[in-house]
Every structure is written in structure tokens, then in C-alpha cells.
Amino acid sequence: MQTIHILGLLALTCTLVQGQACLKTKLSDGESLEFTNSEDNTNCWMVFRKRRSATGNLVLSCPEFELDPKCKRSRLVVKGSETKRFCKSQNVNVEEDGNVMKIRLAFRASAQIGALRCTVSVQETTMTSTQPPPPSNTTNSCQCGIAKRGQRIVGGEETQINEYPWQALLRQTNSDFPFCGGTLISEDWVLTAAHCVTGEENSPGFAYVSLGEHDVRLTTESEVIDSEILRIIVHPNYSSRNVDNDFALIQLKDKIKFDDSTVVRPACLPNEDLTTRTGQDVVVTGWGTIRYEGRASEFLQEVTLKLVDFDQCETRLNTALTDNMFCAYEDGKDSCQGDSGGPLIYAETTFYDVIGVVSWGYGCASPNLPGVYANVHKARAWIDQYVGEPTCARPGL
Ligand SMILES: [Ca+2]
């Protein structure tokens, strides 16, 4: 008997393996991150990177900086294009025109430390920057499945901010703890995995849904809509035994007003079964490797996989799959990248259908095994029964 692991739990396993202690983050233009001389940030290299889209310079400034005046037991080391060291109480201000700034707070155990508070930010240079044009969606009619790409970069590990505007994140109400992904499919319905919410159908207050999220640590990079949950509906034929029909619908308390929100849009639902197109590229998105102590910046990631033939998948997994499942895989790609309940999307032309829900797999430790997804088209009738007519039309139709 094989044990089926649920991807949400496997994400935790991957997390622990990574075990990075020191702060690492990426900053966009106008973003900043403060650090102090807390234990976590001491005697290790903090790494600040500019996002690809950022045009400004990394700037370190320390409004409070009272280190050992003799420069023997404590110092602040800043590595960029050149290396600078600070120790005496002084005005620290470093501007780095490269893409990376590494900072180390080096303290001996016996050092007497005063107040230390520093900020790293990406500040626009005085030169005119070339910002991507704002979305020119001025009509009231919205369309589903349109990715938002400021610059034409596809298939990077990190998504662009709000590139996949249907991406949802489920968080526990009492702790804000992110535990699953989801897909916005209308103005008030989010599709997720049954195994994310089963048992909680009568307590919709246990979680809430974040839309528009990108970096779970920063609050400045994107406008996030947090929505309470009105009701949770688990697919009536969901089986926890073999994870068949791993679908659930979450209805939001407040409908998303697509006129107001420039960052949130639904994915399209598939009108036919596209999962049989073996070898076609599909995209899975999720935070997958969320670190649970809020230690490091974590942003939405994407991985491009290929659809795998059903029979071949059963052979490779040595497991019987149900008709409501399909598989995707790519050599060398981390199969635990996505969050359970999150989207697997496919673009036949210019817009994306959510054709799969991230369901289960044998995990990060077995990178040669395909991941298994719930086939959204098989649940179309059940979804339509609750969601009704699509809020946003398929483009070109
Ligand atoms: Ca954020």
C-alpha cells in the first residue's frame, strides 16, 4: 500500500531542507525593508536584490546606528560593487548601482550594541525611467484568462507582480498562515482542492482568501484584496482515500468589483478536456515553498510543465488514477512548486484556462515522478451549478 502525500504538506518538507537562516529579499522600485540587530540577522549575509523590473538603485541608510566606537567588536559590512565597513556611530548611507547588496552585521558575543535600525530600499534614480504602460482596460467588460505582463518575460521562476491575476491564497483566520492556493473563476467564486478545506464546510470563518498577493512578506508591492468566506462546497464525490474529485468551491462574502480592481481577474474555465494534449506546455503557480516563520521574502512562483499521457503516468506512478485526474511533468523541475488547490493553466491561444487543480504527488524527494492534478473539465457541470454564467467573457468570443 502506497501512501499518498498531499502537496501542501510536502511544501513544508521542502522548506525545512532549504533552511536558510539569514534574510534574503527582492525589492521593486519604491519598496523598502527594515532590519535591526536581531539575533536572526547577526553574523550572516543578508542579501538584497533588485527585481528585474526595478530601475532604481539599492540604497542602505541607517537612521539609528550605535555600534562599538572602537570598531573592535562590532561592524556592519556592506558588499556591492565595492566593500564598505562601518562601526563608529556615524551616518550610514550607501548607494549601490549593481543588482545585489549583501550586508553582514558582525558582532562578537561580548559586544555592547546600541540602537541599530537600517533600511534597504530601491529608490528611483533621477533619470527618467521606462515604466511599462498601465493596463488600458477602461471598458466595464472584463475578460477571463488574460495574463498581465508588463514586459514580455515568460517562464521565469518568479512571476511578475499580478501576472496571473486569478491566483488566490488561502490563509487561516486566526494566524494568517497560508495553507493552500486557489483560482478565482468568477466575481465571487474561488476553485481550490477539496483536501484543503474538507471538514470545514460548516465553519467558513476558519480561513480567508487573499487575491492580488505576490510577496507574502511585503505589503507594499501589490494591492491585496482579503475576502472573508461565505461558504465552502466540497465536491460530493470527493474521496479522501484516493483523492478522487479533489475539488472545492469557495464563495467570497464580497463580490470582486472588476471595474475597481486593476490587479484581480478570473481565469477562464475549459470548454473541453484539454488535459489529453500530451506534450503541451502548462503552467503551475504557487508559493509552494512558503517559509513559515515569516523569515524571508517569498513571492509567487511559476513552473512550466508538460502534459503527460494518462496511461504512462499510471505506469510511472505505479498507481491507478481516476478519470478525474491527469498528470504533468518536466525533467528537472521541482514538482512541489505549486501549492495544493492552486491553478494549473493552459493557453491554447492568448488566454488561459484553468484546466487543473494542484492535487497530489509523491513529492519533492522523487523529482522523476509526475504530479497529479484534478481535471477541471470533468467538474464543469458541478462548478456551473454554483457559479452560473461566467462573469468575464472568454476573449474573442
Ligand atoms: Ca504582499
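The values are calculated or read from the model by the stated rules, or taken from the named source; none is laboratory data. Note that the coordinates shown come from a computational prediction; the quantities given were computed from them, not determined experimentally. FYI the Cβ positions are ideal-geometry reconstructions off the backbone, even for glycines, and counts take in every protein chain you see. Calculation scope for accessible area: heavy atoms of the full protein, side chains included, ligands and nucleic acids excluded. Shrake-Rupley method; radii C 1.70, N 1.55, O 1.52, S 1.80 Å.
Figures for the structure shown
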| quantity | calculated |
| --- | --- |
| Elements of type strands (runs of 3 or more DSSP E) contained in segment 137-242, each with 2 or more residues being away from the ligand (no atom under 16 Å from the Cβ) and surrounded by 15 or more Cβ atoms within 10 Å (Cβ to Cβ) | 178-184, 189-192, 225-234 |
| Residue among D246, D259 that is surrounded by 14 or more Cβ atoms within 10 Å (Cβ to Cβ), more than 16 Å from the ligand (Cβ to nearest atom), among the charged types (D, E, K, R) and in contact (Cβ under 8 Å) with a residue 60 or more places away in the chain | D246 |
| Test: residue in segment 71-89 that is over 26 Å from Q301 (Cβ atoms), exposed (fewer than 13 other Cβ atoms within 10 Å of the Cβ), acidic (D, E) and modelled with pLDDT under 80 | yes |
| Near pairs, Cβ below 7 angstrom, 6+ apart or cross-chain, from segment 18-34 (part of a loop (DSSP other than H, G, I, E, B)) to any residue that is open to solvent by 20 Å² or more (accessible area, probe 1.4 Å) and modelled with pLDDT of 85 or more | S28/S53; S28/E221; D29/T55; E31/T220; E31/E221 |
| Criterion violated by S28 - all others in (1) in contact with a Leu (Cβ under 9 Å, 6 or more places away or on another chain); (2) farther than 17 Å from E158 by Cα satisfied | (2) |
| Residue that is modelled with the lowest pLDDT, among those in segment 95-136 that are surrounded by 17 or more Cβ atoms within 10 Å (Cβ to Cβ) and more than 31 Å from the chain's Cα centre (by Cα) | F107 |
| Candidates V216, V209, V234 - the one that is in contact (Cβ under 8 Å) with a residue 40 or more places away in the chain, touching a strand residue (DSSP E or B) at 6+ places or on another chain (Cβ under 7 Å) and closer than 14 Å to K253 by Cβ | V209 |
